[in-house]
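Comments concern the structure below.
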Amino acid sequence: MRMPAAGLILFVLPFWIPRAPLLAQESVHQVHEVMDLPEKLDPAGDLGCTLDFHEQWTISVPASSVAKDVHSFAWSCADSSVSLFPAEGELRVRDISYEFSFLDPAGEVMRALQEEFIALISKLRPLPGVYQAKKELLSIYFHEEWILDAEQQSIRKSVTGITPVIWQIRQTADGEPVVDGDTGYPVYFKHSLNRIPLRRP
């Protein structure tokens with residue numbers, strides 16, 4: 001097993017491929033996700049595991065769905081004897097939730113991905129007018145069901161819903177942005193909106 005980057009940092013590789021000209025609101029993305037082991041698989045939070053996925057995402061606004069096809073993955077744990085898989089058969093884990101951030105050096109690619117989700121959210125549950133989606137919708141929570149197959153050593157994901165997360169810059173009483181003293185970056189507060197159920201492809 002190779003060692004993925006630590007922490008909940010989710011990257012998108014620079015590919016954006018429309019599936020078909022007639023389905024402009026359906027697209028395919030090659031995505032590289034690196035995450036901490038979700039809480040559902042590590043309730044005590046003491047395994048110290050990270051997961052590194054290479055996936056293909058198909059986002060369909062007309063079908064109100066997001067499909068994830070795991071091409072490959074690797075994991076690393078503080079205890080090298082830890083196995084994610086059951087001794088035999090399949091383990092089905094429902095309602096796995098984790099945050100995916102659109103704040104990423106991939107620039108234009110990440111903006112394209114953000115726009116796909118804005119279109120999906122706008123169709124299913126439009127954001128209140130007080131929010132500026134392109135500026136403030138900077139992450140989402142995925143809600144998924146995973147199937148871990150011991151024989152195939154594979155993970156299959158089914159996206160059941162998403163939760164939009166609004167990021168707003170903290171301001172002083174005079175309306176000036178608050179910045180972090182160490183990094184100089186703006187300080188945000190985050191507000192999770194209501195969960196949006198998705199159809200399974």
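Within region 85-114, which residues are acidic (Asp, Glu), exposed (fewer than 15 other Cβ atoms within 10 Å of the Cβ) and under 19 Å from the mean Cα position of the chain (by Cα)?
Within region 85-114, ASP95, GLU108 qualify.
Just a yes or no: is a residue in region 24-38 surrounded by 14 or more Cβ atoms within 10 Å (Cβ to Cβ), of a type in the set (Gly, Ala, Ser) and within 17 Å of the chain's Cα centre (by Cα)?
Checked region 24-38: at least one residue is surrounded by 14 or more Cβ atoms within 10 Å (Cβ to Cβ), of a type in the set (Gly, Ala, Ser) and within 17 Å of the chain's Cα centre (by Cα).
List the residue pairs whose Cβ atoms are under 7 Å apart, where the first residue sits in region 61-79 and is under 20 Å from HIS29 (Cα atoms), the second is surrounded by 18 or more Cβ atoms within 10 Å (Cβ to Cβ) and at pLDDT below 95, and the two are 6 or more positions apart or on different chains.
Pairs found: ALA74/PRO4.
Take LEU148 and decide whether it is part of a strand (DSSP E or B) and either in contact with a helix residue (DSSP H, G or I) (Cβ under 8 Å, 6 or more places away or on another chain) or of a type outside the set (Val, Ile, Thr) (or both). Show your work before the answer.
Working: part of a strand (DSSP E or B): yes; either in contact with a helix residue (DSSP H, G or I) (Cβ under 8 Å, 6 or more places away or on another chain) or of a type outside the set (Val, Ile, Thr) (or both): yes.
Judged against the criteria, LEU148 is a match.
Where residues in region 122-141 are in contact (Cβ under 8 Å) with a residue 60 or more places away in the chain and not in a loop (DSSP other than H, G, I, E, B), which of them is farthest from ASP95 (Cα to Cα)? Before you say what the answer is, go through the steps one by one.
As a first pass, look at region 122-141 and keep what is in contact (Cβ under 8 Å) with a residue 60 or more places away in the chain: 123-125, 127.
The next check asks that each one be not in a loop (DSSP other than H, G, I, E, B); those that pass are 123-124.
Working: LYS123: 23, LEU124: 20 Å.
Filtering region 122-141 for residues that are in contact (Cβ under 8 Å) with a residue 60 or more places away in the chain and not in a loop (DSSP other than H, G, I, E, B), the one farthest from ASP95 (Cα to Cα) comes out as LYS123.
So ILE96 clears everything in (1) in contact with a helix residue (DSSP H, G or I) (Cβ under 8 Å, 6 or more places away or on another chain); (2) over 17 Å from THR50 (Cα atoms) except one condition, right? Which one?
With (1) in contact with a helix residue (DSSP H, G or I) (Cβ under 8 Å, 6 or more places away or on another chain); (2) over 17 Å from THR50 (Cα atoms) applied to ILE96, the lone miss is (2).
Quickly run through region 163-187 and pick out the residues that are surrounded by 13 or more Cβ atoms within 10 Å (Cβ to Cβ) and in a strand (DSSP E or B).
Selection gives THR163, PRO164, VAL165, ILE166, TRP167, GLN168, ILE169, VAL179, PRO186.
The values are calculated or read from the model by the stated rules, or taken from the named source; none is laboratory data. Predicted, not measured: the structure shown is a model, and the values here were computed from it. Cβ coordinates were reconstructed from backbone atoms using ideal geometry, including for glycine residues, and neighbour counts include every protein chain displayed.
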